[in-house]
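Pasting in a structure now, in structure tokens, and then I'll have a few things to ask.
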Amino acid sequence: MFCDLVGSTGISAQLDAEEWRDLVGAYLDAASAAVTEMGGHVAKKLGDGLMALFGYPVAQENDAERAARAALAIQRALAELNRKNARSGKPELNARIGLEAGPVVVDAAGEIFGDAPNVAARVQALAEPGAVLITARVQRQIAGLFVAEERGSHALKGVPEPVALFRLVRASDGGRRSGVRHGLTGLDRELADCFKIFSVKCHRGSQH
């Protein structure tokens, strides 16, 4: 999970350094809490963003579902933060989130190797502020658990074939259910013994 603020340069210019630090800190704390609550691991904090993993250090059968729920929880947490900030005249923040799934290698220093992080970063860049965008690979693993809208196929830099994308709208009220606490599978069997990474690229900032 990578999280960067959309339009952060413009927003930071409106605030002094301490105000900007506090605003970013509150956002990252809320995002980190959403990740850990769903069993994810915050791997790195990068300026005004973060990267999170699901399926590391211990892989679970419903990591895709956990990642999707965490992404939606981040957007809800940010909306609540914006409501609180509005009362004190602070600028509104918005996040773009992209999700991709796939096997990766995590070395002893915590460095992550694999295609999933890069693809997730590209997917995030195509998402609208306030939206969660996922690849077809993630969609197949969580089908029936969430309402998703097709967003067509897109050419992503560094990816040889166009990637079908979906906008994650909300958790489904019907269809196949796997509830996180019950641990039912949402992952391809061939990936079950691999570390999975569900990278979320988040950008926050003014609406655009």
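Looking only at region 47-76, which residues have a backbone nitrogen under 15 Å from a spot 7 Å from the Cα of K84 in the C-beta direction?
The answer is 74-76.
Per q in 0.25, 0.27 Å⁻¹, report the Debye log10 I(q)/I(0) for region 131-170, using one uniform scatterer on each alpha carbon and no solvent.
Evaluating at q = 0.25, 0.27 Å⁻¹ gives log10 I(q)/I(0) of -0.79, -0.89.
How much accessible area per residue does region 79-149 have, counting only protein heavy atoms and a probe of 1.4 Å, in square angstrom?
44 Å²
Now, a different point. Taking amide H positions as placed 1.01 Å from N in the peptide plane, with prolines and chain starts having none, which residues 5 or more places from A131, or on another chain, fall under 5 Å of its amide H?
I97
Could you compute how much accessible surface F113 exposes when probed at 1.4 Å, giving the result in Å² to the nearest 10?
110 Å²
On to the next question. What is the ratio of the Cα radius of gyration of region 46-143 to 2.2 N^0.38 Å, where N is its residue count, to two decimals?
Cα-based Rg divided by the globular estimate yields 1.19.
Can you list the residues, at least 5 places off or on another chain, whose amide H is less than 5 Å from the amide H of V169, using H built in the peptide plane?
Long-range HN contacts for V169: V147, A148, E149.
Further, regarding this structure: Suppose accessible area is computed on protein heavy atoms with a 1.4 Å probe; arrange R76, R66 from highest to lowest.
Largest accessible area first, the list is R76, R66.
Working with all protein chains in place, sort T36, T135, T9 by solvent-accessible area computed with a 1.4 Å probe, largest first.
Listed by decreasing accessible area, they come as T9, T36, T135.
Another question, then. How large is ³J(HN,Hα) for each residue in region 55-69, as worked out from phi by the Karplus curve 6.51 cos²θ - 1.76 cosθ + 1.60 (θ = phi - 60°), to whole Hz, x for Gly and Pro?
x, 9, x, 10, 6, 10, 5, 10, 4, 4, 5, 4, 5, 5, 5
Further question: Over the heavy atoms of E161, what accessible area does a 1.4 Å probe trace out, to the nearest 10 Å²?
Accessible surface of E161 is approximately 130 Å².
Round to the nearest 10 and report in Å² the accessible area of K84, as given by a 1.4 Å probe over the protein chains' heavy atoms.
My reading of the accessible area for K84 is about 110 Å².
Could you work out how far the C-alpha centroid of region 3-74 sits from that of region 110-178, in angstrom?
Cα centroid of region 3-74 versus Cα centroid of region 110-178: 17 Å apart.
Fully extended, how many nm does the chain gain between A136 and D16 (0.36 nm per residue separation, minus their Cα-Cα distance)?
On the way: separation 120, 0.36 × 120 = 43.20 nm, distance 4.18 nm.
The A136-D16 span can extend by a further 39.0 nm.
Hey, another quick one. If you place +1 on the Cβ of every Lys and Arg and -1 on the Cβ of every Asp and Glu, how big does the dipole about the Cα centre of region 87-131 come out, in debye to the nearest 20? List each step's numbers first, then the result.
Values: 4 positive and 6 negative charges, 72 e Å.
For region 87-131, the charge dipole is close to 340 debye.
Given a 1.4 angstrom probe, I'd like the percentage of the accessible area of region 5-122 that is carbon and sulfur, rounded to a whole number. Can you show the working numbers first?
Numbers: 2680 of 5320 Å².
Within region 5-122, the accessible surface is 50 percent carbon and sulfur.
Using the Karplus equation 6.51 cos²θ - 1.76 cosθ + 1.60 (θ = phi - 60°), what ³J(HN,Hα) coupling, rounded to whole Hz, does each residue of region 106-123 give in order, writing x for Gly and Pro?
Couplings: 10, 7, 5, 8, x, 6, 10, 10, x, 7, 4, x, 5, 5, 4, 5, 5, 5 Hz.
Separate question: HN-Hα J couplings of region 165-171 from phi, Karplus 6.51/-1.76/1.60, θ = phi - 60°, integer Hz, Gly and Pro as x?
So the J values, rounded to whole Hz, are 10, 9, 8, 7, 9, 6, 5.
For L50, which sequence-distant residues (separation of 5 or more, or a different chain) have an amide H within less than 5 Å of its own amide H, given hydrogens modelled in the peptide plane?
Distant-sequence amide H within range of L50: C3, D4, C202.
The values are calculated or read from the model by the stated rules, or taken from the named source; none is laboratory data. In this text the structure is predicted, and so the values were computed from the model without any measurement. Quick reminder, even Gly has a Cβ in these numbers, built from the backbone with ideal geometry, and neighbours come from all protein chains shown. Just so you know, the surface numbers come from the protein's heavy atoms only, side chains and all, with ligands and any DNA or RNA stripped out. Shrake-Rupley method; radii C 1.70, N 1.55, O 1.52, S 1.80 Å.
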